[in-house]
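In what follows, a structure is listed as structure tokens, so that the remarks can point back to it.
No lab work stands behind these numbers, since they all come straight from the coordinates. If you're wondering where the values come from, they're calculated on a predicted model, not measured in any experiment. Note that we place each Cβ from the backbone using ideal geometry, even for glycine, and neighbour counts take in every protein chain shown.
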């Protein structure tokens, strides 16, 4: 996943972004396969009830903030 984000920066730098593509919406990678590092698992298991780290959102927001 990290490599995909790094690769994406080439296209981000080629086209400046004037505002966050999500607007005011909260960006979150939701899943049901217990990945609480990149996003937030919503499978319902007790071990997945705490919010995930949502690192994907943090990386994307950092890229967008650097382009504004």
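Quote to one decimal, in nm, the extra length available between residue 24 and residue 53 on full extension: 0.36 nm per residue of separation minus the C-alpha distance between them.
Additional length available on full extension: 8.5 nm.
Hey, can you rank 44-52, 28-36 by average C-beta count inside 10 Å, highest first? Each step should come with its number before you reach the end.
Working: 44-52: 11.4, 28-36: 13.8.
Highest-to-lowest ranking by the protection proxy: 28-36, 44-52.
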